[in-house]
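The structure under discussion appears below in the form of structure tokens.
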Protein chains: 2
Amino acid sequence: MPADIPYPRTARTTPTRAPQRASWDRELVHRILDEGYLCHLGFVREGAPVVLPTLYARVGERLYVHGSTGSAPVRAAGGAADGLPVCVTVTHVDGLVLARSAFHHSVNYRSVVVHGTARPVTDAGEKAAALDAIVDQAVPGRAADCRPADRKESAATAVLAIDLTEVSAKTRTGGPNDDAADLELPHWSGVVPVGVRYGAPEPAADLAAGTPVPDYLTARPGA
Amino acid sequence: MPADIPYPRTARTTPTRAPQRASWDRELVHRILDEGYLCHLGFVREGAPVVLPTLYARVGERLYVHGSTGSAPVRAAGGAADGLPVCVTVTHVDGLVLARSAFHHSVNYRSVVVHGTARPVTDAGEKAAALDAIVDQAVPGRAADCRPADRKESAATAVLAIDLTEVSAKTRTGGPNDDAADLELPHWSGVVPVGVRYGAPEPAADLAAGTPVPDYLTARPGA
């Protein structure tokens, strides 16, 4: 699908509020997904919602979500002939927005919500590529610099695939939007920027002395 | 409820995998919740899961979740006599764990999963206190330093309350757990610490020159 064709709007990707913050732009959605590696995966178990944090990767128009073969969503997806209905949400907080009024306080953020169906990846080649992608999503360049999963490890790991078909982004940027009547109030107003901080890599206790820190770690943004 | 009495274990707060990472410790749960302000709220709409990022606050054994009166979960909670079944999840990422093998790659994290029922807060006093708590959860000290919501603003804001009764935490800490057979591999292994970075407060374009930055912003951890 060309990147300049937006995702189609559906009833559940059209927000009931703050519609000016919503977008179906494919490039924006990809950018938001590519900046993260942790999603919140929602599914329904015995009629009730469950939301679990887990790792993911985007490969083209597909999300891969990491699981264990014993985990609840993996068992549910494997047991459902049509796959498991899921909602995958990725959120980046960019700032705390402080207005003069409590009401106009807000958060600058970028989020993507994916509605879809999760299916276990059973093809060995696709699964290996998905596991590489999940490692590289968190640490770009790492998949090529570690021992790949052997057959037993691969069998103990489950990967769910969710096609990106029903997707939307939501973003808020900029400063506070105070009411004109509040502008004379004495309270400080503005934005506190928020981001991710990466610390200096800490070698494992059993790492051989002198093992160099790889470039893909030292070159990391925010490090 | 005394802080040294753990949350009761239930079928859905007992994990099917990595049980050593699970905890029902009340103080740990509170600490994880108190460190954040953004949750992922899951609910079921027309049989399918929905996961939305939103702001929350903890007050004792209750969570308050912020919404707009027009938002989907708020309308669903208000329309359901017994409240809306929800799952609220809060996750902090503390580190990327790089092992010699792809299989043992992991993430250090602390998360809390709350299963419960969301009910709209209708009492004016409780609602005002909950809105203050939501502002203070993100920026401790701010609620006392802004104009409180007036009647119209309060009516346009919805707050959902969820009692903390069915709750668990999950944490991973420490370095990689490589297999003995992999220890001689040449790959760097260890942990890349991850945290939240707060930037210098950026005043609003319409803020009067000379307005001091409040202490509760400059004293912030990570700032």
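With respect to (1) over 28 Å from A:SER168 (Cα atoms); (2) away from chain A (no Cβ under 11 Å); (3) hydrophobic (A, V, I, L, M, F, W, C); (4) surrounded by fewer than 17 Cβ atoms within 10 Å (Cβ to Cβ), the lone exception for B:ILE32 is condition (4).
Quick one: count up the residues across segment B:58-83 that are at pLDDT 95 or above and either farther than 17 Å from B:SER168 by Cα or open to solvent by 20 Å² or more (accessible area, probe 1.4 Å) (or both).
If we filter segment B:58-83 for residues that are at pLDDT 95 or above, which is where we start, we get B:58-65.
Imposing the further condition that a residue be either farther than 17 Å from B:SER168 by Cα or open to solvent by 20 Å² or more (accessible area, probe 1.4 Å) (or both) reduces the set to B:58-62, B:64-65.
Residues flagged as at pLDDT 95 or above and either farther than 17 Å from B:SER168 by Cα or open to solvent by 20 Å² or more (accessible area, probe 1.4 Å) (or both) within segment B:58-83 amount to 7.
Out of all the residues in segment B:165-178, is one or more acidic (Asp, Glu), crowded, with 20+ Cβ neighbours inside 10 Å, in contact with a Lys or Arg (Cβ under 6 Å, 6 or more places away or on another chain) and modelled with pLDDT of 95 or more? Yes, that holds for at least one residue. Looking across segment A:107-116, just one residue is out of contact with any Pro (no Cβ under 9 Å at 6 or more places or on another chain) and open to solvent by 20 Å² or more (accessible area, probe 1.4 Å), and that is A:ARG110.
Out of B:ALA205, B:ALA209, I need the residue that is modelled with pLDDT of 95 or more and open to solvent by 30 Å² or more (accessible area, probe 1.4 Å). Which one? I'd like the intermediate steps shown before the answer.
Numbers: B:ALA209 fails: modelled with pLDDT of 95 or more.
After applying the criteria, what remains is B:ALA205.
When you scan segment B:144-151, do you find a residue that is within 30 Å of A:CYS146 (Cα to Cα), within 23 Å of the chain's Cα centre (by Cα) and not aromatic (Phe, Trp, Tyr), even just one? No: segment B:144-151 contains no residue that is within 30 Å of A:CYS146 (Cα to Cα), within 23 Å of the chain's Cα centre (by Cα) and not aromatic (Phe, Trp, Tyr). Checked against (1) assigned to a strand (DSSP E or B); (2) surrounded by fewer than 20 Cβ atoms within 10 Å (Cβ to Cβ), A:ILE162 meets all criteria but (2). Just so you know, in segment A:86-106 the residues that are under 21 Å from B:GLU153 (Cβ atoms) and open to solvent by less than 10 Å² (accessible area, probe 1.4 Å) include one that is farthest from the other protein chains (Cβ to nearest Cβ), and it is A:VAL97.
Of all residues in segment A:97-126, how many are over 30 Å from A:ASN177 (Cβ atoms) and assigned to a strand (DSSP E or B)? If you could, list the steps in order and put the result at the bottom.
If we filter segment A:97-126 for residues that are over 30 Å from A:ASN177 (Cβ atoms), which is where we start, we get A:116-126.
Restricting the remaining residues to those that are assigned to a strand (DSSP E or B) gives A:116-120.
Matching residues across segment A:97-126 total 5.
Scanning segment A:39-85 for residues that are without any contact (Cβ under 8 Å) to a residue 40 or more places away in the chain, within 8 Å of another protein chain (Cβ to nearest Cβ) and in contact with a Ser or Thr (Cβ under 8 Å, 6 or more places away or on another chain) gives A:VAL51, A:LEU52, A:PRO53, A:GLY70, A:ALA72, A:ARG75. Taken residue by residue, segment A:181-198 has no member that is more than 7 Å from every other protein chain (Cβ to nearest Cβ) and either in a strand (DSSP E or B) or open to solvent by less than 20 Å² (accessible area, probe 1.4 Å) (or both).
Taking the criterion of being at the interface with chain A (Cβ under 7 Å from one of its Cβ atoms) and assigned to a loop (DSSP other than H, G, I, E, B), the residues of segment B:127-152 that qualify are B:VAL139, B:ARG142, B:CYS146, B:PRO148, B:ALA149.
Could you list, in sequence order, the residues of segment A:94-127 that are of a type in the set (S, T, N, Q) and in contact (Cβ under 8 Å) with a residue 24 or more places away in the chain?
Residues satisfying the conditions are A:SER101, A:SER106, A:ASN108, A:SER111, A:THR117.
A:ALA81 passes every criterion in (1) more than 26 Å from A:ARG9 (Cα to Cα); (2) touching a strand residue (DSSP E or B) at 6+ places or on another chain (Cβ under 9 Å); (3) of a type in the set (A, V, I, L, M, F, W, C) apart from (2).
Of the residues making up segment A:153-167, those that are within 11 Å of chain B (Cβ to nearest Cβ) and not aliphatic (A, V, I, L, M) are A:GLU153, A:SER154, A:THR157, A:GLU166.
The values are calculated or read from the model by the stated rules, or taken from the named source; none is laboratory data. Note that this is a predicted model, so its numbers are computed, not measured. Methodologically, a virtual Cβ is constructed for each residue, glycine included, from the backbone with ideal geometry; neighbour enumeration extends over all protein chains shown. Just the protein is used for accessible areas: all its heavy atoms, side chains included, with ligands, DNA and RNA removed. Shrake-Rupley method; radii C 1.70, N 1.55, O 1.52, S 1.80 Å.
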